[in-house]
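To keep things clear, I will list the structure first and then write my remarks on it.
The values are calculated or read from the model by the stated rules, or taken from the named source; none is laboratory data. Note that this is a predicted model, so its numbers are computed, not measured. Note that we place each Cβ from the backbone using ideal geometry, even for glycine, and neighbour counts take in every protein chain shown. Surface accessibility is based on the protein's heavy atoms, side chains included, excluding ligands, DNA and RNA. Shrake-Rupley method; radii C 1.70, N 1.55, O 1.52, S 1.80 Å.
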Amino acid sequence: MQFLDPSRPTALYRLFGKEGELLYVGIAYTPEERWRAHAGSKYWWPDVVGRSVEWHATRAAAEAAEFCALRSESPMYDDSGRQGVGAALPQSAPNARHQADDLTAARLLAHDISSGHFPAWSVLPRRPVLAARYTVSETAVATAIYRNPSVSSWHPRWLVIGPGGVPREVLTTRGYLYVLAHKHLGAGTFSAADLAQCVRLSTPTVTAMLKRLVTQDLVAQMPRQARTSVRFKLNLIDDL
């Protein structure tokens with residue numbers, strides 16, 4: 001398998017049948033090599049009589065174009081997009097639809113993270129929201145999240161980890177919210193609403209979590225002034 005280089009120019013290709021019908025949409029760094037692979041693995045390959053290629057500056061751009069093409073052009077055969085999947089699945093492979101959904105969810109989640117739609121140090125939406133976004137099952141979403149190396153568990157939610165990751169001992173002793181507050185807001189004072197907006201959680205949820213960190217002496221609650229929100233300040237951030 002080729003190493004995925006997000007900065008490398010990437011081709012979006014389309015494969016057509018004898019009547020001009022769209023059979024397949026895909027992306028590749030080297031389309032000719034991908035087509036040779038298809039010839040040896042895709043049962044529908046003999047139907048291909050035409051091809052087109054358009055180049056994009058980055059893999060993320062190609063993935064975005066592929067996503068739009070899959071949703072709007074409905075290729076007959078495709079194992080990477082929800083539309084058209086049913087036509088491509090042999091009846092002898094009962095698990096193929098689940099595998100296709102898993103692949104779809106994995107690709108679209110990876111694209112949403114690499115493109116910044118779900119930025120580093122943010123909390124992913126809940127599984128039903130992602131399932132609706134990707135038009136796949138919640139099980140496929142759960143599989144994609146579990147397998148994505150950029151996502152880490154924050155029970156019962158999931159967190160997009162940024163460059164450099166987080167030391168395991170920090171997460172064990174201080175928790176994700178402490179890390180997120182540091183990554184987004186640093187050592188200055190902030191309100192629960194400030195942090196909630198950064199990490200895409202509700203203000204009441206963040207407030208309750210910050211209060212627990214206050215009792216652990218990880219966050220200091222600053223003196224409250226009249227007509228202002230409660231302010232917080234992080235302790236012990238030197239090792240992050």
Of 179, 170, which residue is modelled with pLDDT of 85 or more, more than 30 Å from residue 70 (Cα to Cα) and not basic (Lys, Arg)?
179
Within segment 48-58, the count of residues that are surrounded by 15 or more Cβ atoms within 10 Å (Cβ to Cβ) and modelled with pLDDT of 90 or more comes to 1
When every residue in segment 122-167 that is open to solvent by 60 Å² or more (accessible area, probe 1.4 Å) and among the basic types (Lys, Arg) is compared, the one nearest to residue 209 (Cα to Cα) is 126
Out of all the residues in segment 202-213, is one or more over 20 Å from residue 114 (Cβ atoms), open to solvent by less than 70 Å² (accessible area, probe 1.4 Å), out of contact with any Gly (no Cβ under 8 Å at 6 or more places or on another chain) and assigned to a loop (DSSP other than H, G, I, E, B)?
yes
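Residues checked against (1) of a type in the set (A, V, I, L, M); (2) closer than 17 Å to residue 106 by Cα; (3) at pLDDT 80 or above; (4) outside any loop (DSSP other than H, G, I, E, B):
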| site | (1), (2), (3), (4) |
| --- | --- |
| 15 | yes, no, yes, yes |
| 39 | yes, no, yes, yes |
| 67 | no, yes, no, yes |
| 78 | no, yes, no, no |
| 82 | no, yes, no, no |
Are any of the residues in segment 215-231 of a type in the set (Ser, Thr, Tyr) and touching a helix residue (DSSP H, G or I) at 6+ places or on another chain (Cβ under 6 Å)?
no
